[in-house]
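To start, the structure under review is shown below, and the notes come after it.
Coordinate-derived values only; no laboratory data. Not measured: the values here are computed from a predicted model. Ideal geometry is used to build each Cβ from the backbone, glycine not excepted, and the neighbour counts take in all protein chains shown.
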Amino acid sequence: MWSLIHVRPVWSFLFFCFSFFSSFYLTCLLPLWYRDFTGQAWNHLLCPHVLQSYTGIPVVNVSLWEGERVTFEDLGGGEPSVLANESILLKGLVVRSWSNHITIQFHSQRQTQPGSFLLRYQAFVLSCTFPQRPACGDVSVSSLHSGGEAYFYCLTGYQLQGTNTLTCLNASTPYWSGTEPQCHAACGGIVRNATVGRVVSPGFPGNYSNNLTCHWLLEAPEGQRVHVHFEKVALAEDDDRLLIKNGNNIDSPPLYDSYEVEYLPNEGLVSTSRPLFIELTTDGAGTSTGIAIRYQAFAVGHCYEPFVKYGNFTSNDGTWAVGTVVEFTCDPGYTLEQGSVIIECMDHNNPQWNETEPACRAVCSGEMTDSAGVVLSPNWPEAYDSGQDCIWGIHVEEDRRIMLDIQVLNIGKNDLLTFYDGDDLTAKVLGQYGGSRPHFKIYTSMADVTIQFQSDPATNIYGYGNGFVVHFFEVPRNDTCPELPEITNGWKSTSHPELVHGTVVTYQCYPGFQLVGTELLMCQWDLTWSGDLPSCERVLLCADPGAVEHSHRVMSGQRFTVGSTIQYICNKGYTLSGNSLLSCYNHGSSGPKWSERLPKCVSVTYEPCRNPGTPSYSTQISEKPLYQAGETLRFSCLRGHELLGEPVLRCVPGHPSQWSSLPPVCRGMNCGHVLPFVADYSMEGANIALTVFIPVALIMYAYFI
């Protein structure tokens, strides 16, 4: 979720944001605001904002005056580290922190109308870098965040050197708990109860070392034999030698000797008993790629499991008994050569395949009409040969176009890979490349493309992985953007039937789901969409029901999750109409809803108080017959009289309303007596006649004593 910071700073303050996902606007209003409160003009502005989260901050808009300064600093280290300043602060820039503490400072000396900028920030969790994949192995990661683990393993024939598991440590500055392991091929070894595996020379698929003597002993389970298939054998023409012997030691009779056999048997070799012994020796002169031999054990009375490199097969019997039929296919970019597409296990007395397995090879040239596929350099992933001139043609429907995704390009500087926008070499050249280049894409303007590869006759390309890998896909015409898919739990609408430039696609979600991402996507000039595809996620929160006028509310938590409550309490003088307590509950497919409608606080109506009358020698201020609940009545005495009692009476609301006390009495300052007073006073809805007497005789009697 994105949050916004909109800054027009004029007053110095510090803002702390401790929530990763709370949306807010932060605005430094106007210079007059500070002056109105302080009585002083402000002519030196410093507006810092501190975000305590791992953040990426895209710049949405910038409008600065000359001399104004903006600084982004990361505070995660011992000293602040500058990430960006006003010199590079342009619309579209994304500033990323490397810790969870970033500060943004704006400085201006303008007295009026300072500049402004609008930023959008998004919190994210720092992570370890993806660990390096070991050569001849792979790695899988449970999580790149702190606590996540990376698991390393090697391809068949290689052994892991180092720990097989690393842990991502320290959330603030993540790092792996150790160095990545490596996969190495051992020089020799013993494999008991061998079932399926590989024997590879040290350094494969790179060159082996000089002066090696490597011995491998393969021993099948009891009652089974061993079959080996030659994936690769490339030895230097000196005294380097490969021996395979039908037994368990160097003195066993040989099945294969590279000194004596010029060509490798396509069907491989089969031992006559459980053990098979392999020896590789190299001298001190030349070197080469070495060997890669696949082995497998199989039971007596069965054929061995077939194998095809860079391909696959299907069969009607996984035990490879007599009568089993196998059909082979190649991986994309490869072609079946030599051998048969379908083979069958025959002969109950001596079970064997009626044909040798075929080979899958990346060939030079070809014609393709599939909607997607791969073009590989000849012999990929082995090195291609020198002096080659290969041509591939790709053809799709007339109203479609082709996208070429060049994933690997690593050829000699004098070798050329050329793409033609048409079905022959006279078409317009889309691009011509030599040497090495990172991943890139090319789009055609026609329904056909021709690819030509020419290797220099004097080229000296050797080694594994030299060549090219080109994936191709049928795409819509390149005067339109590619078709956008539907989204789960939502739908889309398009402003134009053809996805031409300017077309807007609007995504919306079904009830109970909310859109995550951009609602509107526009087809841009470069025929790409203006943003990533959004998604619809189930709503897990109730919407804020809002405030009720003349009330305040008490919430059970900061977020409106299912089960949370809000209680509305009316201010004094108002009464609640409706339910005071709202609960957020799951409403099935439509998502979380509030249990009740929003209540109202209405003004309370009370009976008025009647005028209590005016005591003798007194006056009322604002005299009237009726007083509403909450109103007051003030009394004062005539000159020469003293007020006894409360000078101000208040009409206390109730049913009925009543005065807060009896009316006061005015006493003569010199006479020493108070004349009687009769008042019509409303007390609890009844009329009471009240007479006050102070006997004069008693006063006179006291005077003459």
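Observations on the model:
- Whole-number percent relative contact order across region 106-150, with pairs defined as alpha carbons under 8 Å at least 6 apart: 26
- Anchor LYS593: lysines whose Cα lies under 26 Å away (excluding residues fewer than 8 positions away in-chain): LYS492
- Rounded to 0.05, the FRET efficiency of the GLU327 and SER63 pair, given R0 = 56 Å and the Cβ-Cβ distance, is 0.20.
- Each label was represented as a point 7 Å from its Cα along the Cα-to-Cβ direction; for TYR443 and TRP525 these points are 1.4 nm apart.
- Judged by the mean number of other Cβ atoms found within 10 Å, the most tightly packed of the peptides 256-265, 601-610 leads the ranking 601-610, 256-265.
- Taking 29 Å as the straight-line reach from the Cα of LYS624, the lysines in range (excluding those fewer than 8 positions away in the same chain) are LYS572.
- Using a cutoff of 8 angstrom between alpha carbon atoms and counting only pairs six or more residues apart, the relative contact order for region 463-552 works out to 24 percent.
- Percent RCO, i.e. relative contact order, over region 301-361, from Cα pairs under 8 Å lying at least 6 residues apart: 37
- Extension gain, LEU515 back to GLU537 (0.36 nm per residue minus Cα-Cα distance, nm): 7.3 nm
- What the Cα atoms of region 490-537 give is an Rg and a Dmax of 11.2, 36 Å.
- Burial order of peptide ranges 592-600, 482-490, 414-422 (average beta-carbon count within 10 Å, highest first): 414-422, 592-600, 482-490
- Here region 137-184 is treated as a Stokes sphere of Kirkwood radius computed over C-alpha pairs; at 20 °C and 1.002 mPa s its diffusion coefficient rounds to 193 µm²/s.
- For region 258-273, the residues whose amide N sits under 18 Å from a probe point set 7 Å from the Cα of ASN249 along the beta carbon direction are 273.
- Counting 0.36 nm for each residue step from TYR464 to ASN170 and taking away their Cα separation leaves a gain of 102.0 nm.
- Interchain or long-range residues, amide H under 5 Å from SER556's placed H: THR565
- ³J(HN,Hα), Karplus 6.51/-1.76/1.60, whole Hz, each residue of region 385-394, x for Gly, Pro: 8, 7, x, 9, 9, 10, 9, 10, x, 10
- Charge tally in the Cβ shell below 15 Å around LEU515, where Lys, Arg are +1 and Asp, Glu are -1, LEU515 excluded: -2
- In straight-distance terms, cross-link reach from LYS600 covers every one of the aspartates and glutamates whose alpha-carbon lies under 18 Å from its own, apart from those fewer than eight places away in the same chain; here that gives ASP544, GLU549.
- When each of the peptides 377-386, 613-622 is scored by how many other beta carbons lie within 10 Å of its residues on average, the order from highest to lowest is 377-386, 613-622.
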